[in-house]
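The values are calculated or read from the model by the stated rules, or taken from the named source; none is laboratory data. Since we're looking at a predicted model, the values are computed, not measured. FYI the Cβ positions are ideal-geometry reconstructions off the backbone, even for glycines, and counts take in every protein chain you see. Each accessible area value is taken on the protein alone, full model and side chains, heavy atoms only, with ligands, DNA and RNA left out. Shrake-Rupley method; radii C 1.70, N 1.55, O 1.52, S 1.80 Å.
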Amino acid sequence: MPGRLVLLVTTPRIAPGLLTREAWTILDQAYAVWGRPDEPQVAAVVEAGIDVQEREEGHPAALARDLVAAAEAGDVVWVGSSDGDPGLSDAVAVEVTRLPEPPDVELLIGSFDVPGARLLDVVAVMDRLRSPGGCPWDAEQTHASLVPYLLEEAHEAIEAIESGDPVHMQEELGDLLLQVAFQSRVAEEHPSEPFGIDDVAGGLVDKLVRRHPHVFADVEADTAEAVATNWESIKAAEKQHRMHPVEGVPQSLPALARAEKYVSRLHKAGRDDLVDAAVATGDLGAELLAVVRRARAEGLDAEAALRETLRGLAAASEALADEGGRAPGA
């Protein structure tokens with residue numbers, strides 16, 4: 001009676017050897033185990049004391065034919081390659097249909113991706129593009145040359161979020177993630193102070209843990225307001241080196257967004273008098289600053305409110321064009 005052919009599929013995104021109990025049991029009890037000699041998963045199986053019959057790269061049809069023939073004598077396990085062995089499962093299907101009593105064929109998933117695993121693919125692809133033999137354009141980029149793209153992608157992500165379209169949002173957040181991965185990959189090549197994506201992620205993790213002591217430590221904060229107050233207190237302690245309240249607000253922010261930051265920072269610092277003095281000048285900029293202050297007092301985002309109004313204006317203009325109308329003086 002024919003045995004069984006098991007195609008063991010594992011994810012390359014976690015460490016080799018981290019297999020399910022069922023996978024290890026089948027490997028241990030198999031009549032024969034086959035795999036590519038240069039595969040990390042095969043090396044892990046060998047290190048565990050299991051003999052693996054090495055099979056060099058070749059056409060899927062030839063490998064399928066040999067695997068099916070071997071399974072006629074007992075259970076055979078093929079330790080899947082990191083590239084997924086393209087064409088092998090189809091070739092196996094062709095082989096078994098030729099036999100009057102073919103072996104059973106089973107696809108066994110030996111390990112699974114964990115949440116966030118595809119981020120490893122982002123890092124790997126970015127490294128391939130930036131490395132010798134990759135993309136010439138990517139290889140030429142610098143931190144400074146990528147800034148316009150970072151700014152553009154941030155605005156496009158905001159637009160996608162405000163559209164409420166999940167598909168559009170997913171795409172634009174991916175483009176924004178690319179900018180983080182790209183900048184981090186460029187930073188690895190700094191001659192004296194290199195850093196990489198793990199440093200960026202590690203710093204973020206440290207900051208999140210430090211600023212959430214109500215989650216990761218014993219601080220009490222059971223309302224959103226208490227969390228916000230605690231966050232600002234921790235943030236202020238971290239930024240004690242600041243010379244004045246609005247230091248660190250990016251000058252590249254749109255003027256309305258920057259004004260909101262100034263009003264917020266100065267209010268928390270107890271320096272509303274500086275805003276009062278600026279508003280009292282009465283010029284056009286002062287009037288706009290007063291509007292930003294009013295919006296903040298009402299819990300509104302002046303920049304977002306203006307974007308919403310402009311979207312309505314654009315829609316009205318588009319409708320006019322669709323109707324074949326023309327604006328006066330156009």
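Quick rundown of the values:
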| item | result |
| --- | --- |
| Semi-axis lengths (Å, descending) of the ellipsoid that matches the C-alpha gyration tensor of the stretch 68-127 | 32, 13, 9 |
| Among 5-18, 209-222, the order from most to least packed when residues are scored by Cβ within 10 Å on average | 5-18, 209-222 |
| Hull-based mean projected area of the stretch 209-320, where the convex hull spans the alpha carbons, in square nanometres | 10.2 nm² |
| Heavy atoms of K268 accessible to a 1.4 Å probe, total area in Å² rounded to 10 | 120 Å² |
| Sparse-neighbour loop sites [GluC sites (Glu not before Pro); the stretch 63-133; at most 16 other C-beta within 10 Å; DSSP] | E72 |
| Fraction of the pair-distance distribution of the chain above 25 Å, Cα-Cα pairs, percent | 72 percent |
| Gyration tensor (alpha-carbon) shape descriptor, the stretch 166-235, a/c threshold 1.5 | oblate |
| q = 0.17 Å⁻¹, the stretch 115-169: log10 I(q)/I(0) [Debye, one scatterer per Cα] | -0.79 |
| Ranking by accessible area, most exposed first, for W231, W78 with a 1.4 Å probe | W231, W78 |
| Cα-based helix-to-principal-axis angle, 118-130 vs the chain, degrees rounded to 10 | 90 degrees |
| For the stretch 132-208 versus the stretch 287-317, the gap between their alpha-carbon centres in whole angstrom | 29 Å |
| Normalised per residue, the volume of the convex hull around the Cα set of the stretch 1-122 (Å³) | 101 Å³ |
| Rounded to whole Hz, the Karplus (6.51, -1.76, 1.60) HN-Hα couplings of the stretch 176-181, x for glycine and proline | 5, 4, 4, 5, 5, 5 |
| Over the chain, relative contact order from alpha-carbon pairs under 8 Å, at least 6 apart, % | 13 percent |
| Per-residue SASA entry for E303, accessible area with 1.4 Å probe, Å² rounded to 10 | 40 Å² |
| Cα gyration tensor shape of the stretch 259-330, rounded if a/c is under 1.5, else prolate or oblate by comparing a/b with b/c | prolate |
| Whole-Hz ³J(HN,Hα) from phi, Karplus 6.51 cos²θ - 1.76 cosθ + 1.60, for the stretch 136-143, glycine and proline x | x, 5, 4, 5, 7, 6, 10, 3 |
| Three-way shape call for the stretch 100-241 based on the alpha-carbon gyration tensor, with the a/c threshold at 1.5 | oblate |
| Surface share of carbon and sulfur [accessible, 1.4 angstrom probe, percent] for the stretch 83-237 | 62 percent |
| Solvent-accessible area per residue, Å², over the stretch 21-138 with all protein chains present [probe radius 1.4 Å] | 59 Å² |
| Restricting the stretch 100-158 to chymotrypsin sites (Phe, Trp or Tyr not before Pro) in coil, as DSSP defines it, with at most 13 other Cβ within 10 Å | F112 |
| Kirkwood hydrodynamic radius of the stretch 84-181, from inverse mean 1/r over distinct Cα pairs, in Å | 17.6 Å |
